[in-house]
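Below is one structure; the comments refer to it alone.
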Amino acid sequence: MSHDINFNFGRKIDRRTMLRGAGVALALPWLSSMDAAFAGVTEPPRRFVAMTLGLGLVADNLNPTKGGRDYELSPYLEPIADLRDQFTVVSGSSHPGVTGGHRAEASLLTANPGAGTGRSRNTVSLDQYMAKHLGHHTRFPSLILSSSGSTSPSYTENGAMIPAESSPSRLYARLFINDSPADRKRQANNIRQGRGIMDLVADDAKRLTRQVGAGDRQRLDAFFTSVRDLEKRMAASEAWAERSKPKVDANRPNDIGNSKDFVGRQRLMSDMVRLALETDSTRIVTYHLGGSGGVVPLPGVEEGYHSLSHHGRDEEKLAQLALVETAIVAAWGDFLRSLQSTDDTGTSLLDRTSVLLTSNLGNASSHDNRNMPVLLAGGGFKHGQHLAFDKKKNYALPRMYISLLQRLGMEVDQFATTTGTMQGLEMTS
């Protein structure tokens, strides 16, 4: 779909307008306001991991009945009781205006109300917002992973979904197996050829900037700045292409061929995420655990996971679903323990890594996007609590996203349509 851009002096420029120079064409974005954020770098670095579920978690089994710090453990929290002081449970929260059931998966990390409805293009996801400002410190600005398939909740600034890597074996190769000298040289050359775009279209860009009004001139300046930022990231990629990858005391894993082994795949990929963080190959990871349709190989489970999630309050289905979801939370707990036991310059890797577990579905059976399941661990927050908000008038979950951004040192006070940090979620220092 094309758009016409109306400038202050009445002139129209077609949405498909290109900047051209030296044989290179650069398409303009839709000229809408762009946020600017400035990141401060802390030492040792802080990190972020989002683990997202496609089929939610049953609220009655996850959320304690009482808020505060002296709550009784719920059935799903019992396997991670030893980590109680390392995580926070949040109930009664969701993304304002987000609906669409399964389709709202597109809004999970963007909090964009129109993303899953087709009413508008998506916006940048939380992880990619972080990666834009902090990703240049590592070989991989971010990692986008999945338990199966390429679907992810990660979106670029232009609203394009970033395909996920689902193979732990391929991920290991990307992280730790060095390319041949010839491949490394070829990769560096390819990156180098992609640089200097703005230099090639500079004259055309200057002419266009002189033709527009003050408001759109600012928007164009922001766009050109983003192109320059991209070139800087490409330059950093060129430097990384010429460096050796880190060595680890871990063999290349064998992928789990059984697509029904949902929890087994979760555990294997979680091991790879820990290695990526420990070697500082990246500091930002999104791992999407989509909804498996098959029978998860756990004792007592006889029906497919997706079917169980649409239980309709059937007691037998709920009992089997509880077995699957308890195992998912337990595996998440083992990942937290692995970070807790990993030293990171005098503190634990968990202390420096915020780990979020959530889903776009608060109730998978009714496709309800309210009352999302939310667990947040590590990252230097004061945990050991249940933040119980209003289940009928939900608290804005993007406020947690703002807290996470600030925890990473970014000076922002807005994400999507929401401003302000999350009430009750405080930093340790």
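Quick note: the coordinates plus some simple rules give every number you see, no bench work behind them. None of the values given here were measured: they were computed from a predicted structure. Cβ placement follows ideal geometry from the backbone for every residue including glycine, while neighbour counts extend to all protein chains displayed.
Just a few scattered comments:
- Between the beta carbons of Glu72 and Gln406, assuming R0 = 35 Å, the FRET efficiency works out to 0.65 to the nearest 0.05.
- Cβ-Cβ FRET estimate between Ser348 and Asp390, R0 fixed at 41 Å, reported to 0.05: 0.75
- A Förster distance of 45 Å, applied to the separation of the beta-carbon atoms of Gln423 and Thr279, puts the FRET efficiency at 0.80.
- Between Arg103 and Lys382, the simple spin-label model (points 7 angstrom out along Cα→Cβ) gives 4.2 nm.
- Euclidean distance of C-alpha centroids, the stretch 353-429 and the stretch 324-344, integer Å: 19
- Simple spin-label estimate for Thr156 and Ile177 in nanometres, 7 Å along Cα-Cβ: 2.7
- Inter-label distance for Arg121 and Glu316, nm, one decimal - labels placed 7 Å from Cα along Cα-to-Cβ: 5.0
- Both radii are taken from the alpha-carbon atoms of the stretch 271-429; with Rh as the Kirkwood radius, Rg/Rh is 0.99.
- Too-long pairs where the Cα-Cα distance tops 24 Å, listed order kept, from Lys247/Lys382; Lys132/Lys392; Lys66/Lys382; Lys132/Lys382: Lys247/Lys382; Lys132/Lys392; Lys132/Lys382
- Whether the stretch 386-427 is rounded, prolate or oblate, judged on the alpha carbon gyration tensor where a/c under 1.5 counts as rounded: oblate
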